[in-house]
Structures are given as structure tokens and as C-alpha cells.
Amino acid sequence: MKITYGELLRKVCQFANVLRNHGVKKGDRISIYLPMILELVIAMLACARIGAIHSVVFAGFSADSLCERILDCGCSLLITADAFYRGDKLVNLKQIADEALQKSKDKGFPLKKCIVVKHLGREEVAADGACSQSPPLKRLCQDVQEKKTESSQRLHPKIPWDPRMDVWWQDLMSGASTECEPEWCDSEDELFILYTSGSTGKPKGVLHTVGGYMLYAATSFKYVFDYQPEDVYWCTADIGWITGHSYITYGPLANGATSVLFEGIPTYPDAGRMWSIIDKYKVTKFYTAPTAIRLLMKCGEEPVKKHSRKSLKVLGTVGEPINPEAWLWYYRVVGEERCPIVDTFWQTETGGHMLTPLPAATPMKPGSATFPFFGVVPAIMNESGEELEGEAEGYLVFKQPWPGIMRTLYGNHQQFETTYFKKFPGYYVTGDGCRRDKDGYYWITGRIDDMLNVSGHLLSTAEVESALLGHGAVSEAAVVSHPHPLKGECLYCFVTLKDGHDFTKNLADELKKQVREKIGPIATPDYIQYAPSLPKTRSGKITRRILRKIAQNDRDLGDISTLVNPGIINQLFNDRCDTKL
Ligand code: AMP
């Protein structure tokens, strides 16, 4: 299906009126828990129009994660959908949302309204977008997951419904006016909160404001993708992450771009899905994640080459370091060596691109995010807080603010200062390691805090440990990152058990399920190893550095003299999980 800018404005106004009719006013927080459908964009923009602060929660998160986010920002209303398909898997979103609302009520925070988009069952109408005509009108095209023939065979589950609380989106919209006076906001008023993993295990509510964020999203979109009015742009990220906020919703729309909104997954119904969409809509600028590139690379060149891709001009990547092999495949096979690749390094906190090539202007090196974007001043620090010059490796920091920098962590300004500005006073600390080569190119080496990046999604090891500890059999847990050929990194967990519990395949499966339920499927551990005890320092600190080596079967352990129980190390090496459970 397609929507023009004029239609989008009218729908945004209608939904803004709906929100106002429900008593929503400037500064109120609204949680949005939706799949990749147009209503997600409409709901975000409707919040922005009336000065409400949206908190979009990725629709792959669990009820616990949604509840935690609802409580943290004290939102007054939830917007969700009945259900949706991810590939051929049905996700009963409303049921998960209901569980979250029940949990939040049990914790003394009952919400009064839940607006539900009726999504399932309407795909038959939407399946055939007409966006491939030329020249393209300014519009947003939604490419729905299902194909016409398949949709009739799909399940339509029973949607749990509480008439006192739940109300259909479509019913509310049908009577709403298409005109809505915007709320006038200050440039520093809040625009949205987006949660990202924190090394303490509790997600941090990153807060972005109206003026600086939008300026930065719009400007970086324009220059990094060399946006031209005739372009058709497609970013495959989910809007539940910052990439979707900045480079699906705000950046492209602020530039009046024609873009594609995709509800599906790259391998459904087959590994040619991305390339067929590129041909269908004549996509010129394409932005995806290294994990997707590696996945498609595994499927070989044939599904790519079956499609023409001749419309493509610029290719982008984001989310994690891209290995040179995947970069070269993207460049040679997908882009046929004629499309520059923009490897964009940035974070939820930065609002927009920080290190990135400019297409056709910056000589590329496969795997390097190259140089800073306009106005960005990076530096590399050593542990003692000294700035390193020339070729160097250390902590990546930024020396001066930029318009899109987050303004605070919602409700916790002190944690904001401690997390980002305390280690090196006067600098913004990214938490990433970085190398600068002799030509001045920056190479991100990965996180150097207790975070890991699974398929481009940042997770904290503490968050997963606390989910494991929630299981009655576990007395201690330590989680480390482990290299993974497709996901980049994956979770390798060590657990010690309470007396009376045996480590079995069943228990390992239960623990995986526990993590999925507490956080969501993206956090499912790949390895769970039983540990009779964990290596610790005399002060009782678990040495994750050593556990990481054990997981990777690397016996070069360095100094272990500070350990109170060095004897456990050999046993942990012997019991390593060599194959996935
Ligand atoms: P998030 O805030 O969830 O977007 O995750 C930000 C983190 O993802 C960064 O701190 C990096 O560790 C990683 N990251 C994002 N983009 C890149 C990139 N182009 N190259 C290397 N790492 C990246």
C-alpha cells in the first residue's frame, strides 16, 4: 500500500485528535508497541504534533520488558496491534501487551486505555503496493509481509479484549477530524524516549529533544545518503530501534523523501526478498545491518543475481562492526562495485551518524567507518585519560557536543552524567573501543564495557544474568559475549546451581526460555554451561575476562594470581560447550 505526504498529514492529525480526546497533553508519555506498519509512524508523529513524548518499544520485546518500560516512563496510554506475522510465525502482540499491562497494574500502575490497531486480516488489501510507477510520488510505501495467496491460509487468533480498557484504532480514527492545530514546542522540549541496554542491567531511557535531534537526523540523512529528490530510499531496520527512529521516521520524512516501509524479514518467503523489493520499488538508497548481510551472504549469490538491482546507487550499514568479508560481498555482489558503501557508526544516544563516509567523496576501506560527520570531533583516549595522537587504539570519545546528542536519561540525570561523562571529564564516552590507522581512518573494535551486540542489538550481560537468576535452580550466573558467524556476537552463559538441582538439557532449555520471557527472543542464549563455581577475585568479583577466554577456548589467560579459586579454570575448559545446546 502507499501513502502520500498529504494523506499522512491527515492521518497524523486525526490520530493527534484521538490522543487529545483521550486527555493526552504536552509532556505526557505514550508507549507504542507496534510492528512495522504505517500506524507506527502515524502514532509517533501524532505524539510529536501535540508535544507528547513517545516511547516506542520494539515489538520483539517480552511482556516483562514492555512492563519495565511502561513503569519507567510512567506512560498514560499504550498503542498496540492485534497480532502480526514475523516470517511465518504468528506473534499475538495484544496478548503480550495484556500481560505487560497486568504486570504493571500489579505493580500499582494501572493504565486506563489501550488503543489497538486491527492489523491481521487486512493484508489481502495491502499486498500489492503500486509504488513502482515512475516518476515516484513523494510517499511512504509499506511492503507488507504476506503474499496474497498465503494470507488466506494464515491463522487469525482470538484477540483478548477488555471493553472497559481496549478500543480499536480504526473506530477512533473514523470519527476524528483531519485537522489538528500543532502544539508549539521549544527546541529543547522532549520529543521521545527510547530505551537502550545499560551495563547495570536496567534499560536506560535515552531522551531526545525536538530541535537538535530533528536537525541532526535530517541533515545526516541528506548528506550521508546523498539524498536527491528522485531517490527511493529503504532502511530495513525496525522502528523499535534508533535507526528506525532517525532513518525511517524523522530523517527521510523531514527531507520529503520517498521511502519504503517493510514489515517482513529478509529470508521470507525466500532469500531474494530484499532484492525483489529493491527491483519492485526501484530503490536507489538501501540501508541495512551487517547481520542481515551475513545471513544473505550465506544463501549465496544466486538469489541476489536473479534480480537486477540496477536502481541502486548507495548502500549503507549500521549496528555493529562489519567484517571485511561481508563488506566486500555487499560491495561486489549486491552493489556490483558501482555503489559506495556508507558504514555508519552511531548510537541510540547520539541520535544520528557520528563516523561515516560520505558516498563517492570518502575513499572507503572495508570495515572502517572512516571519518567523523560534520561537526563531530572524535578522540581516542588511553585508560589514564590521555588523548592519543596519530595511529592509536583505545576508548572512542567525542570532544564537543553535536545537535543530536541525547539530553538526559529519563528520570535519572545523575546516571546520565556518570555513564557518559565521568570516566573522562569533559568528553562524551561511547563505550566502544576504536583504532585509528596511519591514514586517520577510524575502526570500531567493539564494546569495551559489559555490553554485547547480538545481531546489531545492544544487550547488557547484567540484564541476561538477572534473567537467569530469576530461575529457581540458579544460584549464580555470568554471561559473556562469544563470536558468532551470523549474529556477530552471541551469549555464552555460565550458571552454578542451587543444591538439589542437576544440570540437564531440560534445565538448559528452561533457562533459555526464561531469558526469552524476561527480555525477548533476541536475547536467547546460544550456549549455557554448568559451572560448579565461577572464577572470582579475592573481593568476590567474577572475572568475566577469564570466562570469555574459556568460552573461546583461548588458554592465553594472562595473570590469574588474583583468583581465589584458580583450580576451577581447568574444569571449565574441559566442560566447554563446543556445540550449541
Ligand atoms: P545502539 O545504541 O543500540 O544503536 O547500539 C550502538 C552500538 O552499536 C555502538 O556503541 C557500537 O558498539 C555498535 N555500532 C553501531 N554502528 C556501528 C558501526 N557502523 N560499526 C561498528 N559498531 C557499530
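Rule-based calculations on the coordinates, nothing more; no lab input. On a predicted model such as this, the values are computed, not experimentally measured, just so you know. Note: ideal-geometry Cβ built from the backbone for every residue, glycine included; neighbour counts use all protein chains shown.
Going by amide H atoms built from the backbone, whose H comes under 5 Å of the H on Leu388, apart from near neighbours?
Under 5 Å from the amide H of Leu388 lie the amide H atoms of Ile380, Met381, Asn382, each far enough along the sequence or on another chain.
Please state the charge dipole magnitude for the chain, taken about the Cα centre, from unit charges on C-beta atoms (+1 on K and R, -1 on D and E), reported in debye and rounded to the nearest 20.
Magnitude of the dipole: close to 660 debye.
For the range 474-542 and the range 244-302, write down the distance between their C-alpha centroids in whole Å.
So the separation of the two Cα centres works out to 34 Å.
What ratio of Cα Rg to 2.2 N^0.38 Å holds for the chain?
0.96
Based on the Kirkwood radius over alpha-carbon pairs, what value in µm²/s does the Stokes-Einstein equation return for the translational diffusion coefficient of the range 227-373 at 4 °C and 1.567 mPa s?
85
Can you list, bin by bin at 5 Å, the percent of alpha carbon pairs in the range 498-581, starting at 0?
3, 13, 21, 20, 20, 14, 8, 1
Out of the DSSP beta bridges found with both residues in the chain, what percent are antiparallel (nearest 5)?
Beta bridges within the chain, antiparallel portion: roughly 55 percent.
In units of 2.2 N^0.38 Å, what is the alpha-carbon radius of gyration of the range 297-347?
1.16
Quick one: His119, His501, fewest Cβ neighbours within 10 Å first, how do they rank?
Final ranking by Cβ density, sparse to dense: His501, His119.
Below 8 Å, C-alpha to C-alpha, sequence gap of six or more: please give me the relative contact order for the chain in percent.
The value is 11 percent.
Show me, for the range 552-567, the HN-Hα J-couplings you get by feeding each phi into the Karplus relation (A = 6.51, B = -1.76, C = 1.60, θ = phi - 60°), rounded to Hz, glycine and proline as x.
Calculated HN-Hα couplings, in order: 8, 6, 9, 8, 7, 8, x, 6, 10, 5, 7, 6, 7, 9, x, x Hz.
When N is the residue count of the range 294-409, what does its C-alpha Rg come to as a fraction of 2.2 N^0.38 Å?
1.25
Mind giving me the nanometre distance, one decimal, between the label points for Ser533 and Arg516, set 7 Å out from Cα along Cα→Cβ?
The modelled label-to-label distance comes out at 3.5 nm.
Say a site is exposed when it is one of the GluC sites (Glu not before Pro), sits in a DSSP loop, and has at most 12 other Cβ atoms within 10 Å; what is then the longest site-free stretch of the chain?
The longest uninterrupted stretch comes out as 392-581.
Sticking with the crude label model, points 7 Å out along Cα→Cβ, report the distance from Glu393 to Thr4 in nm, one decimal please.
For Glu393 paired with Thr4, the spin-label model returns 5.6 nm.
Given the DSSP H assignment, sum -39500 (n - 2.57) over each helix run of at least 4 residues in the chain and divide by its residue total; what's the result at 222 nm in deg cm²/dmol, nearest 500?
After summing the helix terms and dividing by residue count, I get -8000 deg cm²/dmol.
When the Cα atoms of the range 1-135 are enclosed in a convex hull and the volume is divided per residue, what value in Å³ results?
It comes to 111 Å³ per residue, whole-number rounded.
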